[in-house]
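Have a look at the structure below, then the notes.
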Amino acid sequence: MDQLPQLVQELRVFIIDIVATKEGHLGASLGVVELTVALHYVFNAPEDKLIWDVGHQAYGHKILTGRKEIFETNRQLNGISGFPKMAESEYDAFGTGHSSTSISAILGMALASKLKGEKDRQHIAIIGDASIASGMAFEGLNHAGVTDTNILIILNDNAIGIDPSVGALKKYLTNVKKGTAKDENIFECLNFNYSGPVDGHDLHMLINELERLKSVSGPKLLHVITTKGRGLKKAEENQVTYHAPGKFDKRTGELIKKSDQPQPLKFQDVFGYTLVELAQKNEKIVGITPAMPTGSSLKYMMETIPNVPSMWELLSNML
Ligand SMILES: Cc1ncc(C[n+]2csc(CCOP(=O)(O)OP(=O)(O)O)c2C)c(N)n1
C-alpha cells in the first residue's frame with residue numbers, strides 16, 4: 001500500500017515518456033492512472049474481468065499487466081494494439097475500440113458466470129461520460145438493472161470525450177457533481193446501487209471504495225471524477241489537442257512540429273473540406289459527427305455552415 005503512490009507516479013511518467021516519441025492516445029490514459037492502479041490492487045485480474053470501454057485509456061492497464069517492455073511497440077506494425085485485445089493478453093477481457101460496448105459485454109460475462117455457478121468472480125466495466133450516453137450503453141444499463149448480477153460499472157466522468165461532451169446526460173451529471181440534480185439519482189432509478197461522485201485522483205479513497213463495493217451485491221455504479229491529461233500541464237489545459245497529440249517534448253508537453261515541409265492533408269481533412277464544398281452547393285446535406293467533430297474534421301462544416309435546420313424543414317424539403 002505504501003508503494004502505490006510511487007507506482008502511480010512511475011506509471012504516469014512512463015506513459016508520457018513513450019507516447020511523447022512513439023505517439024498514440026495520451027490524455028485519457030493519464031486521467032485514469034490512479035483508477036488503474038486501484039483496480040489492479042483491489043481486484044484479481046484476469047480471474048476478475050475488467051473491460052475498458054473504447055480502450056484508448058487502457059495504456060496503464062497494459063503496462064501493469066506484463067506489457068511494459070513491449071509498450072514502445074504500441075500501435076506499430078507487429079507491435080501491441082492501442083486497444084485492449086483478447087488475443088494479446090488474458091488480462092484484456094474483451095476487445096474494444098468502438099465505444100459503448102462495455103456494459104453489455106460485462107453483463108453477458110456476469111450472466112455466464114452465474115450460470116456456471118462461479119460465485120466469486122467480479123465483473124467491472126470502466127466507461128467514460130461520453131460513451132455512456134450512447135444507445136448501446138443504455139441498452140446495457142436497462143438490462144443490467146433487472147438482473148441480480150454482481151457487476152460494477154465505473155463511470156469515469158471527465159466531462160469530455162474527444163471533444164467536450166454534450167447532451168442532457170452531460171447536463172445531468174454536471175448537476176449531480178454540483179449537488180443540484182433535481183430528481184432522484186438516474187442510476188438508482190435504474191436499480192443500480194450508486195456511489196460517488198468520488199475524486200478519481202485520490203488513490204486511497206478509490207481503494208477503500210472499491211474494497212467496499214466488492215462485497216455489495218447486485219448491479220453497482222461508481223461515479224468517479226477525473227481530469228483528462230492529469231499530470232502534464234499542457235495536456236490538462238488543451239484536452240482536445242492532447243487526446244492524441246503526436247510527438248511532444250516529454251518535459252514541457254510542447255508539441256513537436258512534424259517538419260517544416262508542407263504535410264499532406266490527413267484523410268479526415270480531405271473528407272471534412274470536401275463535405276463543406278458539397279454542402280455549400282446542396283442545402284440538403286447534413287453532417288452527423290461520430291461524437292468527434294475534431295477527429296472526423298466535421299468541425300469545418302460546423303464552423304462554416306453552423307445552422308442546424310429543423311427536422312420539419314428537412315422533411316418538407318424532401319417531400
Ligand atoms: C462507435 C464509436 N463512435 C465513435 C468513436 C470515436 N471515439 C473514440 S473515443 C470517443 C470518446 C470517448 O470519450 P469518453 O467515453 O468520455 O472517454 P474518455 O476519452 O473521456 O476517457 C469517441 C467518440 C468510437 N471509438 N466508437
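Considered as a group, the residues in the range 141-162 that are in a loop (DSSP other than H, G, I, E, B) and without any contact (Cβ under 8 Å) to a residue 60 or more places away in the chain include one that is surrounded by the fewest Cβ atoms within 10 Å (Cβ to Cβ), and that residue is Val146. Restricting Leu221, Leu206, Leu190 to those that are in contact with a Phe, Trp or Tyr (Cβ under 7 Å, 6 or more places away or on another chain) and among the aliphatic types (A, V, I, L, M) reduces the list to Leu221. Looking only at residues in the range 163-189 that are assigned to a loop (DSSP other than H, G, I, E, B) and charged (D, E, K, R), the one that is nearest to Val32 (Cα to Cα) is Asp163.
Going through (1) surrounded by fewer than 15 Cβ atoms within 10 Å (Cβ to Cβ); (2) farther than 30 Å from Leu152 by Cβ; (3) in the same structural domain as Gly24 (by TED's automatic domain parsing) one by one, Gln280 falls short only on (3). Please tell me if Gly55 is within 14 Å of the ligand (Cβ to nearest atom), not charged (D, E, K, R) and not in a helix (DSSP H, G or I). Considered against the rule, which asks whether it is within 14 Å of the ligand (Cβ to nearest atom), not charged (D, E, K, R) and not in a helix (DSSP H, G or I), Gly55 comes out as yes. Within the range 215-228, can one find any residue that is under 18 Å from Val13 (Cα atoms), modelled with pLDDT of 95 or more and surrounded by fewer than 21 Cβ atoms within 10 Å (Cβ to Cβ)? So far as the range 215-228 goes, yes, one or more of its residues are under 18 Å from Val13 (Cα atoms), modelled with pLDDT of 95 or more and surrounded by fewer than 21 Cβ atoms within 10 Å (Cβ to Cβ). Contact annotation: residue pairs with Cβ atoms under 9 Å, 6 or more positions apart or on different chains, pairing a residue in the range 283-297 that is touching a residue at least 60 places away in the same chain (Cβ under 8 Å) with a partner that is surrounded by 13 or more Cβ atoms within 10 Å (Cβ to Cβ) and of a type in the set (Asp, Glu), are Ala291/Asp163; Met292/Asp163; Pro293/Asp163; Thr294/Asp163; Gly295/Asp163.
The number of residues in the range 182-214 that are within 24 Å of Gly231 (Cβ to Cβ), crowded, with 17+ Cβ neighbours inside 10 Å and touching a residue at least 60 places away in the same chain (Cβ under 8 Å) comes to 6. Is at least one residue of the range 268-278 touching a residue at least 40 places away in the same chain (Cβ under 8 Å) and either more than 16 Å from the ligand (Cβ to nearest atom) or of a type in the set (Ser, Thr, Tyr) (or both)? So far as the range 268-278 goes, no, none of its residues is touching a residue at least 40 places away in the same chain (Cβ under 8 Å) and either more than 16 Å from the ligand (Cβ to nearest atom) or of a type in the set (Ser, Thr, Tyr) (or both).
Taking the range 58-79 as the range and being aliphatic (A, V, I, L, M) and either within 16 Å of the ligand (Cβ to nearest atom) or under 21 Å from Gly31 (Cα atoms) (or both) as the test, the residues that pass are Ala58, Ile63, Leu64.
Scanning the range 294-312 for residues that are at pLDDT 90 or above and within 16 Å of the ligand (Cβ to nearest atom) yields a total of 5. Considering the range 95-104, the residues that are of a type in the set (S, T, N, Q) and in a helix (DSSP H, G or I) include one that is nearest to the ligand (Cβ to nearest atom), namely Ser102. Within the range 163-181, the residues that satisfy the criterion of being exposed (fewer than 14 other Cβ atoms within 10 Å of the Cβ) and among the polar types (S, T, N, Q) are Asn175, Thr180. The number of residues in the range 105-140 that are in a helix (DSSP H, G or I) and within 13 Å of the ligand (Cβ to nearest atom) comes to 6. Just give me the residues in the range 20-52 being surrounded by 19 or more Cβ atoms within 10 Å (Cβ to Cβ), in contact (Cβ under 8 Å) with a residue 60 or more places away in the chain and in a helix (DSSP H, G or I), in sequence order. Correct list: Ala20, Gly27, Ala28, Leu30, Gly31, Val33, Glu34, Leu35, Val37, Ala38, Leu39, Val42. Being more than 13 Å from the ligand (Cβ to nearest atom), buried (at least 17 other Cβ atoms within 10 Å of the Cβ) and in contact (Cβ under 8 Å) with a residue 60 or more places away in the chain is true of Ile16. Restricting attention to the range 19-42, and to residues there that are polar (S, T, N, Q) and within 16 Å of the ligand (Cβ to nearest atom), which single residue is nearest to Glu254 (Cα to Cα)? Across the range 19-42, the extreme among qualifying residues is Ser29. Inside the range 240-259, can you point out the residues that are farther than 15 Å from Leu30 by Cβ and not in a loop (DSSP other than H, G, I, E, B)? Of everything in the range 240-259, just one residue is farther than 15 Å from Leu30 by Cβ and not in a loop (DSSP other than H, G, I, E, B), namely Leu255.
The values are calculated or read from the model by the stated rules, or taken from the named source; none is laboratory data. Computed from a predicted structure; not experimentally measured. Backbone-built Cβ (ideal geometry, glycine too); neighbour counts: all protein chains shown.
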